[in-house]
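As structure tokens, the structure follows; a few thoughts come after it.
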Amino acid sequence: MRLNFRAKLTALVGIAAVALLLVIVVGATSARRVDSQLEAVQQYYLPRLELGPKLEGDFEQLRRSFQDAVAARDRDALASAAELKSTLLGRLDPVRGAVAPADVSDLRVAIEDYFAAAREVSERLIADETGEDLIGAMARMQEKQQRARERLERVTVVDRPGLANAFATISRAEEVAGTYRLWISLSCLVAAVALSWALSRGVLRSLSELGAGLERFGEGHFDKGVDVIGGDELAEVAKQANRMARSLARLSRERERAEVALKQSNRELEAFSYSVAHDLRAPLRAINGFSRALMEDLGEKVDGDLKDLLNRIGAAAQRMGELIDALLAMSRVSRVELQRERVDLTRAAETTVRQLRAITPNRGVDFSNQPNVVAEGDPALLRAVLDNLLGNAWKFTGARPDAHISFGCSLQEGETVYFVKDDGAGFDMAHASKLFTPFQRLHQAGEFPGTGIGLATVQRIVQRHGGRIWAEGKVREGAAFYFTLSPGAQGT
Amino acid sequence: MNNGKLILLVEDNADEELLTLRAFRKSNILNEVRVARDGQEALDLLLRAGQGADPAFAPQVVLLDLNLPKVGGLDVLKRLRAREETRFLPVIVLTSSKQDEDVIRSYSLGANAYVRKPVDFAQFTEALEALGLFWLVLNEVPGAS
């Protein structure tokens, strides 16, 4: 039979209650038996034990009072004998329960008889009577005295075996009660221990099975569920754990399918972008090349307008090539696997600025680079971030002969915030939200050339690292770009 | 410049072919340029197999596109490197792609150089001029006297 914990605990409490009840009943029963025996001792034996010597003493006094009265020849002294008699008889009243009523009334009759006889004899002796008649009366008196004594003894004799028996009964009752208590306590203890052991064994088995099952689930093995042992509350927990495992297994299957689908679509995207990279560029090259060829072959015959038009065709084709490259770079950011390692950003920024100086050697830019700025992230992608941000700073400070660009980081609310600042063209904060949207540009292409994809790429890289990017700027005063590279303390 | 050395251009796109030939001319490389329009044709020419094979055909350098009909550029490269007579033949991958995978695979298969064709014709011409100078004039190959 399988019991749940509630039933087992109830059984435990029940056993304890029954045991307690038995102890109480046994105790009460034995107490009643002891009580009745004690009552018998108190009411029957004790009064008799006390009564015997007193009655004998009284009787002896009575007898003597007659002798004294006769010796003193004093009839009045006989009155004290009457008092003594009533004292003696008075003692018999309280012990009515302890002594058989028949014995008591016999004793009364015997004492009254003796008293009457003794009084008669005493009065005749005081009156100096003699003769056969008096001797006969004295002999009868002697007889009655003897009889009274016998009755007295019958009343006062103590039933010693009975008394011993009563005490024996008391001690036996107590002994029996003690034995019962011992056995009840022992059996109660054994039952409680056995039940507790069964209970804890069940719990431990269920728990270890549950633990092993949950460990398997944690490792992602859902094929073998938790063994449901018995029908108690832990079995219910095990069933729920199995239900959870089935849900998790279903989710994990769904996720695997989604991953397969994602890989498939990634492969397709890869093939697509490969084809874009390769096949879209060929016609562009043709457009550019043939427009140049046309210009060259027409030579002197080309007038200024026609030359301008041909140049525009070539430039447009070239620009489209750049856009394709930028778009591909951006889409790669989302697809490549992210490596996480320690990247020396100070050195990367230095390298980028060195390259920028090499391209535009006549620019006078003051670059301040904070030493020892490091980050955890993908080296190639983080370099792309710095290339873009520093490249932008370089580009938008182009009109300034003494431009300042700085790179560094600071700790804000426990979070490392990296920044690239410049004092270039800046931007209107009203348009700040458009900065990171692909192909959105805040400056005219003629003023500052660009693809409009750089910051969108940077944002994707930052977001792939779990960070955020934002910008502050003011027209003609400069721009500052801030980014983090891990999920911030304030959450998403 | 025409030092009599032969160039093999493997290119399926007629526009590309025309532009490449024009760029050679513009950069004053006047060597003979033979054009193979797919990978199989290139292999036939170089391994002197198939119909109309020219036993004397021995180009100084091969400009190889990757995206080719029939036999792809990388397969052409692999088969050239597997053959004794073309093991050291200079092969320059000349393509639109700049995917890392393509660059790495080309070099793994034994390409001598990897050049991405720029969209701008002027830059393309400069690139071909540099290529011609290096591979037709400066570079030495075994067996060539």
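The values are calculated or read from the model by the stated rules, or taken from the named source; none is laboratory data. Everything numeric in this text was worked out from a predicted model, so none of it was measured. Heads up, the Cβs are rebuilt from the backbone with ideal geometry, glycines too, and the neighbour counts pull from every protein chain shown. What goes into the accessible areas is simple: the full protein's heavy atoms, side chains included, and nothing from ligands, DNA or RNA. Shrake-Rupley method; radii C 1.70, N 1.55, O 1.52, S 1.80 Å.
Go through B:Ala122, B:Ala56, B:Leu66 and say which Cα lies farthest out towards the positive end of the charge dipole of chain B; charges sit on Cβ, +1 for Lys and Arg, -1 for Asp and Glu. Positive-most Cα among the choices belongs to B:Ala56. Contact order, relative form, for the range A:1-91: 22 percent (alpha carbon pairs under 8 Å, 6 or more residues apart, mean separation divided by residue count). What does the charge add up to near A:Glu60, with Lys and Arg as +1, Asp and Glu as -1, over the other residues with Cβ less than 11 Å from its Cβ? In short, +2. Going from the chain on its own to the full set of protein chains, the range B:6-40 has these residues losing 30 Å² or more of accessible surface (heavy atoms, 1.4 Å probe, no ligands, DNA or RNA): B:Asp15, B:Glu16, B:Leu19, B:Arg22.
Please compare each pair in A:Lys239/A:Lys263; B:Lys78/B:Lys117; A:Lys8/A:Lys224 to a cut-off of 32 Å on the Cα-Cα distance and tell me which ones are over it.
Going by Cα-Cα distance, A:Lys239/A:Lys263 fall outside the 32 Å limit.
Treat the range A:338-483 as a sphere of radius equal to its Kirkwood radius over Cα pairs and apply Stokes-Einstein at 10 °C in a medium of 1.306 mPa s; give the translational diffusion coefficient in µm²/s, rounded to a whole number. The diffusion coefficient I find is 103 µm²/s. Between B and A, buried accessible area from a 1.4 angstrom probe totals roughly 2000 Å², ignoring ligands, DNA and RNA. Projected label points at A:Ala380 and B:Glu84, each 7 Å from Cα along the beta carbon direction, are separated by 4.1 nanometres. Relative contact order, whole percent, for chain A stands at 11, derived from Cα pairs under 8 Å and 6 or more residues apart. Legend: calculated FRET efficiency, B:Asn28 to A:Val302, from the Cβ-Cβ distance at R0 = 22 Å, rounded to 0.05, equals 0.45.
Of all the accessible heavy-atom surface of chain A, with the other protein chains kept in place and a 1.4 Å probe, what percent is carbon and sulfur? Of the solvent-accessible surface of chain A, carbon and sulfur hold 56 percent. For an R0 of 45 angstrom, estimate the FRET efficiency from the Cβ-Cβ distance between B:Glu17 and A:Thr437 and round to the nearest 0.05. The pair B:Glu17/A:Thr437 has a calculated efficiency of 0.65.
For A:Ser486, the solvent-accessible surface computed with a 1.4 Å probe is close to 60 Å², ligands and nucleic acids excluded. Relative to the longest principal axis of the Cα atoms of chain A, helix A:454-464 runs at roughly 20 degrees. Taking the convex hull of the alpha carbon positions in chain A and averaging its projected area over all directions gives 52.4 nm².
Between A:Tyr274 and A:Glu219, full extension at 0.36 nm per residue minus the direct alpha carbon distance yields a gain of 16.0 nm.
Other residues whose C-beta falls under 12 angstrom from the C-beta of A:Glu296 contribute a net charge of +4, scoring Lys and Arg +1 and Asp and Glu -1. With loop membership from DSSP and a limit of 15 other Cβ atoms within 10 Å, the longest segment of chain A without trypsin sites (Lys or Arg not before Pro) is A:97-223. For GluC sites (Glu not before Pro), the sites in the range B:44-145 that DSSP calls loop and that have at most 14 other Cβ atoms within 10 Å are B:Glu140. For a paramagnetic label modelled on A:Ser171 (point 7 Å from Cα along Cα→Cβ), amide N atoms under 20 Å away belong, within the range A:15-59, to A:30-42, A:45-46.
Applying 0.36 nm per residue to the separation of A:Glu153 and A:Val18 and subtracting their alpha-carbon distance, the gain on full extension is 43.3 nm.
Between the residues A:Ala31, A:Ala139, A:Ala81, the greatest Cα displacement towards the positive end of the dipole of the range A:5-167, with unit charges on the Cβ of Lys, Arg, Asp and Glu, is found for A:Ala31. Rounded to whole numbers, the Karplus 3J(HN,Hα) couplings from phi for the range A:329-343 are 4, 5, 5, 5, 4, 6, 9, 5, 6, 7, 8, 10, 8, 6, 10 Hz, using 6.51 cos²θ - 1.76 cosθ + 1.60 with θ = phi - 60°, and x at Gly and Pro.
If you take the alpha carbon radius of gyration of chain B and divide it by 2.2 N^0.38 Å, what ratio comes out, to two decimals?
Compared with the compact-globule rule of thumb, chain B sits at 0.97.
Label-to-label distance for A:Glu143 and A:Arg181 is 6.1 nm, based on points extended 7 Å past Cα in the beta-carbon direction. Look at where the Cα atoms of the range A:115-183 and of the range B:92-145 average out, and the two centres are 151 Å apart.
At most 16 other C-beta atoms within 10 Å and a DSSP loop state: those are the exposed GluC sites (Glu not before Pro) I care about. Give me the longest piece of chain A that has none. Show your work: numbers first, answer last.
Values: sites that count: A:Glu129, A:Glu219, A:Glu337, A:Glu413, A:Glu447, A:Glu477.
Answer from the scan: A:1-128.
Taking every C-alpha pair closer than 8 Å and separated by at least 6 residues, the mean separation divided by the residue count of the range A:226-335 gives a relative contact order of 23 percent. Surface analysis of chain A yields an accessible area of 58 Å² per residue, using protein heavy atoms and a 1.4 Å probe.
The charge dipole of the protein assembly as shown, taken about its Cα centre with unit charges on the Cβ atoms of Lys, Arg (+1), Asp and Glu (-1) only, comes to about 1140 debye.
Across the protein chains, with a 1.4 Å probe defining accessible surface, the residues A:Leu455, A:Leu107, A:Leu411 rank A:Leu411, A:Leu455, A:Leu107 from largest area downward. Listed values for the range A:184-194 are Karplus-derived 3J(HN,Hα) couplings in whole Hz (6.51 cos²θ - 1.76 cosθ + 1.60, θ = phi - 60°), namely 5, 4, 4, 5, 4, 4, 4, 4, 5, 4, 4, and x replaces Gly and Pro.
Averaged over peptide B:112-125, the number of partner chain Cβ atoms lying within 10 Å of each residue's Cβ comes to 5.
Helix A:101-126 versus the longest principal axis of chain A: what angle, 0 to 90°, nearest 10, using Cα atoms? The angle comes out near 30 degrees.
Once the Cβ-Cβ distance of B:Asp100 and B:Phe57 is raised to the sixth power relative to R0 = 41 Å, the FRET efficiency obtained is 0.75.
Under the simplified labelling scheme, the A:Ser208-A:Leu38 pair shows an inter-label distance of 5.5 nm, with each label point 7 Å from Cα along Cα→Cβ. Each of A:Val228, A:Leu269, A:Ala249 was scored by the projection of its Cα onto the charge dipole of the range A:224-288, and the greatest displacement toward the positive side belongs to A:Leu269; charges sit on the C-beta of Lys, Arg, Asp and Glu.
Compute the helix-to-body angle for A:345-359: its Cα long axis versus the longest principal axis of chain A, expressed 0 to 90° and rounded to tens. Approximately 10 degrees, to the nearest ten.
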